[in-house]
Amino acid sequence: MVARNEQAQLAACLATLRFADEIVVVLDRSSDDSAKIARRFKARLVEGAWEREGPRRNAGIAACQGDWILEVDADERVTPELAAEIRATLEWADQEIARGYFLVPMANYVGSRLVRFGWGAYNGVAAKPSLFRNGAKHWGAGRVHPKIELKGTEGTLVQPMEHLVDRSLSDMIQRLNRYTDLAAADAREAGQKPRLSRALRRSFSRGWKSYIARQGRREGAWGVALALFSALYPLLIDLKLATGKDGERV
């Protein structure tokens, strides 16, 4: 687990991981009681300062000693059913040398509402490779949603992991602004130039995919919100590139 000042959620998350043989918690520049909470659960701590998500996560992976690793965020919860499935799966997965990782379904919540449809792109995913053999997963260097390199064949679990994505619509808006800031910084560093016509086309296709292809329409207002934020994501990145850090066009 990787966390930064997550004392409000850390204990609830760690309590669901007691089935694991070891718990490794990477604390990135945390100034709250996260370290104290992690020690209470007998977790091994890795403390430091990482500007980017990928190196931070790779540090946690490198600290794990087991043959299989379950990567969990502070806003995720492993249900008893998922824990039992992981244990049962790894009993036979160890014998399949080519098996590299398993996709874990995600049950995404906004507040207390389980939102089943419309996820994708930056908003969140329906499943992700959270369970993997040690050495089979490596994160890239991006600030937000870095690329992942995976080795070995893919498997899929049945039981979902609970993901407490946001508390409210206001949180969703703040996350959109924060993530597009980071993505724009990555694009600027890479020398990418704003292409607003392309961004508009991508906005339309992403909104359609969220609302229609991923059936966000079944979620009412939440589906509209997910489609809107998916559509705005590429457009805001290019707008932030075009206007620069201080609001002046570059």
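Every number in this text was worked out from the coordinates using simple rules, so none of it is lab data. Because the structure is predicted, anything quoted here is derived from the model rather than measured. Methodologically, a virtual Cβ is constructed for each residue, glycine included, from the backbone with ideal geometry; neighbour enumeration extends over all protein chains shown.
Order these by the 10 Å Cβ neighbour count, fewest first: 147, 209.
Details: 147 10, 209 17.
Going from sparsest to densest Cβ surroundings: 147, 209.
At 7 Å along the Cα-to-beta-carbon direction for both residue 84 and residue 18, put a label point, then send me their distance in nm to one decimal.
Output for this residue pair reads 1.6 nm.
As a test of the definition: which semi-axes, in Å, follow for the stretch 95-215 when you take the square root of five times each eigenvalue of its alpha carbon gyration tensor? Largest first, please. Each step should come with its number before you reach the end.
Working: eigenvalues 147, 91, 40 Å².
In descending order, the three semi-axes are 27, 21, 14 Å.
For the stretch 135-241, what is the relative contact order in percent, using Cα pairs closer than 8 Å and at least 6 residues apart in sequence?
Values: 99 pairs, mean separation 27.7, N = 107.
In percent, rounded to a whole number, it is 26.
Which of 212, 97 comes first, and how do the rest follow, when ranked by fewest Cβ neighbours within 10 Å?
Numbers: 212 13, 97 10.
So the ranking, lowest neighbour count to highest, is 97, 212.
May I ask you to derive the FRET efficiency for residue 98 and residue 141 from their Cβ-Cβ distance with R0 = 22 Å, giving the value to the nearest 0.05? Before the final figure, lay out each step's value.
Details: r = 28 Å, r/R0 = 1.27.
Calculated transfer efficiency: 0.20.
What FRET efficiency comes out for residue 215 versus residue 40 if R0 is 35 angstrom and r is the Cβ-Cβ distance? Round to the nearest 0.05. If you can, show how the numbers build up before the last one.
Details: r = 41 Å, r/R0 = 1.18.
The value I calculate is 0.25.
Normalised by the number of residues in the chain, what is the relative contact order in percent for Cα pairs under 8 Å and 6+ residues apart?
Relative contact order of the chain: 18 percent.
Determine which residues of the stretch 90-124 fall in the zone a paramagnetic label at residue 171 would reach in this model, i.e. backbone nitrogen under 16 Å from the point 7 Å along Cα→Cβ.
From the stretch 90-124, the list is 107-116, 123-124.
Label the stretch 168-243 by shape, choosing from rounded, prolate and oblate, from the square roots a ≥ b ≥ c of the eigenvalues of the Cα gyration tensor; if a/c is under 1.5 it is rounded, and otherwise prolate applies when a/b is larger than b/c, oblate when it is not.
It is oblate, given that a/c is not under 1.5 and a/b is not larger than b/c.
Which ³J(HN,Hα) values in Hz, rounded to whole numbers, follow from the phi angles of the stretch 192-198 under the Karplus curve 6.51 cos²θ - 1.76 cosθ + 1.60, where θ = phi - 60° and Gly and Pro get x?
After applying 6.51 cos²θ - 1.76 cosθ + 1.60, I find 6, 9, x, 10, 5, 5, 5 Hz.
Under 1.5 on a/c is rounded, so check that first for the stretch 104-158, then, if it is not, pick prolate when a/b is larger than b/c and oblate when it is not; a ≥ b ≥ c are the square roots of the alpha carbon gyration tensor eigenvalues.
Here the stretch 104-158 falls in the oblate category.
Using only the alpha-carbon atoms, how far is helix 169-189 inclined from the longest principal axis of the chain? Give it as 0 to 90 degrees, nearest 10.
Rounded to the nearest ten degrees, it is 80.
Indicate the gyration tensor shape class of the stretch 1-140 (rounded, prolate or oblate), computed on the Cα atoms with a ≥ b ≥ c the square roots of the eigenvalues: a/c under 1.5 is rounded; otherwise a/b larger than b/c is prolate and the rest oblate.
Judged from the Cα gyration tensor, the stretch 1-140 comes out rounded (a/c under 1.5).
Quick query: amide H of residue 46 versus all other amide H atoms, modeled in the peptide plane; which residues come in under 5 Å with a sequence gap of 5 or more or a different chain?
Sorted by chain and number, the residues that satisfy this are 25, 26, 27.
Taking the number of other C-beta atoms within 10 Å as the exposure measure, put 156, 243, 16 in order starting with the fewest. Don't skip to the answer; put the middle values down first.
On the way: 156 11, 243 14, 16 18.
Ranked by crowding around the Cβ, least crowded first: 156, 243, 16.
Residues of the stretch 140-167 with backbone nitrogen within less than 15 Å of a virtual label 7 Å along the Cα-to-Cβ line of residue 62, please, listed as ranges.
Inside the label zone: 140-141.
Using each residue's phi in the stretch 160-168, evaluate 6.51 cos²θ - 1.76 cosθ + 1.60 at θ = phi - 60° and report the 3J(HN,Hα) Karplus result to the nearest Hz, with x for Gly and Pro.
These are the phi-based 3J(HN,Hα) values: x, 8, 7, 10, 8, 5, 9, 8, 6 Hz.
Number of Lys-Lys pairs in the chain under 20 Å by Cα, sequence gap 8 or more or different chains?
Lysine pair count for the chain: 8.
In degrees, nearest 10, range 0 to 90: what is the angle between the Cα axis of helix 53-63 and the longest Cα principal axis of the chain?
10 degrees
Among DSSP bridges having both ends in the chain, what percentage is antiparallel? Round to the nearest 5. Mind showing how you got there, number by number?
On the way: 14 of 31 bridges.
The answer is about 45 percent antiparallel.
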